[in-house]
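Here is the structure we will look at.
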Amino acid sequence: MAESSFMEKFGSWGLVAGGSDGLGGAWSEALAKRGLNVAIVARRKEQLEAKARELEARYRVATLVIPLDLSAVSAASDLSDRIAEIDLGFVIYNAALSPGGSFVAVESGDLASAISTNVTTPTILLRNILPRLAARDRAGVILVSSLAGYAGSSSLATYGATKAYLRMLGEALWEENRFTGVDVMVTSPGAVTTPGLLSRSGKKIPGQLSPDEIVELSLSHLGKSPTFVPGVVNQIAATLLGRVLPRRSATSLMRKSSSGIST
Ligand SMILES: NC(=O)c1ccc[n+]([C@@H]2O[C@H](COP(=O)([O-])OP(=O)(O)OC[C@H]3O[C@@H](n4cnc5c(N)ncnc54)[C@H](OP(=O)(O)O)[C@@H]3O)[C@@H](O)[C@H]2O)c1
């Protein structure tokens, strides 16, 4: 979609939950580049403000900085309140926590934070804001899942399970919103060369893509199907993991392919 028609369809404000850094920084930039004002949520205020200043200077858009921990019990309602007054046309839920290690070695509090950030907050947030998006007639929602949601991911068990949940939620919301004018899509990247991943992984991961590649491929697919996997190698992996392999082979492949990444 041309950048001017994106603005016509989804302007004037976009929200990126987890939008200051890594893949989230690329989402924020992509919306600003298309002329949308951007509301950005993250925990670290300095990084958030730096990103907002950068977008304002480069793209001449307005920003709304929302420092918030999306794992907090009240996060969805606090965020809904903060964005109540803007003309919101596009929402990207990118934030995620991924506690790594054997399931029983992870502190239960860290598991709970991952579930609230990756599952509870996006679910309640969408429940709160979908009516106003539908009332606008034209709106977009992207939920960021992961290939880790296509088969049980040992050492990332809870993270993978939250990502599978998001894919099912997004598919259902695509179907429910087919005639409301709200395009809902779940994108499930494989490895993304964010600074975090590059520092954790010593080797090149098959199918790895840059944040900009993930964002542009995903945005160009919006409206075409409920789910999307960026990159041909990752699409083959998703088909193998999700549909072709017996489950014991899928979980084994998942373990082997994530063995070089320590979280
Ligand atoms: N990196 C990969 O290889 C990869 C692969 C597949 C899928 N993904 C998915 O892509 C998305 C982004 O991944 P990433 O690696 O770019 O993540 P990230 O850099 O760790 O975090 C992305 C953004 O979310 C914010 N954030 C994280 N937890 C938050 C919380 N509890 N409350 C508020 N903000 C929070 C971060 O800022 P603060 O830290 O300041 O809060 C940052 O702006 C995730 O959904 C992830 O599952 C990533």
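Nothing in this text is a laboratory measurement; each read-out follows from the coordinates by a stated rule. Predicted model, so just to flag it, every value in this text is computed and none were measured. When we count neighbours, we look across all protein chains shown, and the Cβ atoms used for this are built from the backbone with ideal geometry, even at glycine.
Its Cα gyration tensor gives the range 3-257 an equivalent ellipsoid, and the semi-axes of that ellipsoid, as √(5λ) in whole Å with the largest first, are 28, 20, 18. A DSSP coil position with no more than 13 other Cβ atoms inside 10 Å describes the following trypsin sites (Lys or Arg not before Pro) in the range 46-100: ARG60. Counting only DSSP beta bridges with both residues in the chain, the antiparallel share comes to about 5 percent.
For LEU70, the amide hydrogen comes within under 5 Å of no other amide hydrogen, counting only partners 5 or more places away or on other chains and with H modelled in the peptide plane.
Label sites at SER220 and ARG82, each approximated as a point 7 angstrom past Cα along Cα to Cβ, lie 3.3 nm apart. Counting only DSSP H runs of at least 4 residues, each contributing -39500 (n - 2.57), and dividing by the residue count of the chain, the helix-based mean residue ellipticity at 222 nm comes to -14000 deg cm²/dmol. Considering only alpha-carbon pairs that sit under 8 angstrom and 6 or more positions apart, the relative contact order computed for the range 3-257 is 17 percent. For the range 202-254 versus the range 41-76, the spacing of their alpha-carbon centroids is 28 Å.
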